[in-house]
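In what follows, a structure is listed as structure tokens, so that the remarks can point back to it.
The values are calculated or read from the model by the stated rules, or taken from the named source; none is laboratory data. For clarity, every value in this text was computed on a predicted model and none was experimentally measured. Positions of Cβ are backbone-derived with ideal geometry, glycine not excepted, and every protein chain shown enters the neighbour counts. Side chains included, ligands, DNA and RNA excluded: accessible areas come from the protein's heavy atoms. Shrake-Rupley method; radii C 1.70, N 1.55, O 1.52, S 1.80 Å.
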Amino acid sequence: MRGAQPGDALRLEILDVRTAAWGWTGCRPDGIGLLDAALAAEGLTAHTHFWDLRAGTHTDFRPGIRLPLAPFPGVIGVAPAAPGAHPTAPPRHVGGNMDIRQLVTGSTLWLPVEVPGALLSAGDLHGAQGDGEVSGTGIETAGQLTLRVHVEPQAGITTPEFATPTPGGHSRAWHATTGHHPDLMEAARTALRATLRRLQARGLSLEDAYILASACVDLKISQIVDAPNYTVSAFLPLDIFGED
């Protein structure tokens, strides 16, 4: 992105996510899924399910089982400053294979910039996915992703953050912060600490921010299979502030 410098943030508006006509989800005993090794002992075999995505709004698993579609990019990130090769498989503090299913059309994602130009990349579209992506795959599909990209100078963020309308429940919109770490608890702590900073920026004391978070912030395991890092997202409901 022209003009992006370390310390800035990229603000990415997700304008549209369109899937191909079909997708797939699989499992295998020697894969990356949460229960692969345990289920292999119970006789799990490699299996791939193909989904018909042509309806655009839903797909049928089998008669009587229908899933709503909510397409999103599994991989979206910028380059880390550390030297060397950086595969996209693990998510990091600059994004990557985060597999956050709430990054649907209408969401906005902020990524911390660490190298000149940011070097944005995105892909790995999913038609739908549960939080965690527990078998190692969501509904994997080809498709088209449309983004609008802005540079926010010296934004002061250290981990990906996003705003989304999708989690449901008691709020129409949410601001979420993320943590990525080989230790699930550390990932959760990173995500929560970033949310506390957001609340402090609204004028709350550290104590009040911590208490408010305990009363209303949702921690979700966005993905638990992209070794070596887990991704935890902390969702702050914006309706509690009235004006948002």
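Annotation: of all residues in segment 29-57 being outside any helix (DSSP H, G or I) and in contact (Cβ under 8 Å) with a residue 40 or more places away in the chain, the one that is surrounded by the fewest Cβ atoms within 10 Å (Cβ to Cβ) is L35. The set of residues from segment 116-142 being closer than 12 Å to N97 by Cβ and touching a Pro at 6+ places or on another chain (Cβ under 7 Å) comprises A122, G123, D124, H126.
When H181, H170 are screened for being touching a residue at least 12 places away in the same chain (Cβ under 8 Å) and more than 17 Å from N97 (Cα to Cα), only H170 passes.
Restricting G132, G95, G106, G117 to residues that are on the phi > 0 side of the Ramachandran plot, at pLDDT 95 or above and open to solvent by 50 Å² or more (accessible area, probe 1.4 Å) narrows the list to G106.
Just one residue in the set I157, I224, I139, I211 is touching a residue at least 12 places away in the same chain (Cβ under 8 Å) and either open to solvent by 50 Å² or more (accessible area, probe 1.4 Å) or more than 16 Å from the chain's Cα centre (by Cα) (or both); that residue is I157.
Residue by residue through segment 77-103, note down the ones that are in contact with a Leu (Cβ under 7 Å, 6 or more places away or on another chain) and free of Cβ contacts under 8 Å to residues at least 60 places away in the same chain.
Of segment 77-103, the ones in contact with a Leu (Cβ under 7 Å, 6 or more places away or on another chain) are 77-79, 94-95, 103.
Correct list: A79 only.
Residues that are part of a strand (DSSP E or B) and either aliphatic (A, V, I, L, M) or over 20 Å from P237 (Cβ atoms) (or both) within segment 143-173 comprise G143, Q144, L145, T146, L147, R148, V149, H150, V151, E152, A163, listed in sequence order.
A residue that is of a type outside the set (A, V, I, L, M, F, W, C) and under 18 Å from I76 (Cβ atoms) cannot be found anywhere in segment 194-217.
Confirm whether D60 is of a type in the set (D, E), under 21 Å from G138 (Cα atoms), in contact with a Ser or Thr (Cβ under 7 Å, 6 or more places away or on another chain) and open to solvent by 60 Å² or more (accessible area, probe 1.4 Å). If you could, list the steps in order and put the result at the bottom.
Numbers: of a type in the set (D, E): yes; under 21 Å from G138 (Cα atoms): yes; in contact with a Ser or Thr (Cβ under 7 Å, 6 or more places away or on another chain): no; open to solvent by 60 Å² or more (accessible area, probe 1.4 Å): yes.
No: the conditions fail for D60.
Kindly indicate whether G3 is more than 21 Å from D226 (Cβ to Cβ), at pLDDT below 95 and of a type in the set (G, A, S). Spelling it out, G3 is indeed more than 21 Å from D226 (Cβ to Cβ), at pLDDT below 95 and of a type in the set (G, A, S). Of all the criteria given as (1) in a loop (DSSP other than H, G, I, E, B); (2) open to solvent by 40 Å² or more (accessible area, probe 1.4 Å); (3) over 26 Å from L35 (Cβ atoms); (4) touching a residue at least 12 places away in the same chain (Cβ under 8 Å), the one not satisfied by G203 is (4). Counting just the residues of segment 179-200 that are touching a Ser or Thr at 6+ places or on another chain (Cβ under 9 Å) and among the small types (G, A, S), which one comes out surrounded by the most Cβ atoms within 10 Å (Cβ to Cβ)? Per the criteria, the residue is G179. Could you tell me which residue of segment 227-244 is surrounded by the fewest Cβ atoms within 10 Å (Cβ to Cβ), considering only residues that are outside any strand (DSSP E or B) and not acidic (D, E)? Applying the filter and picking the extreme gives G242.
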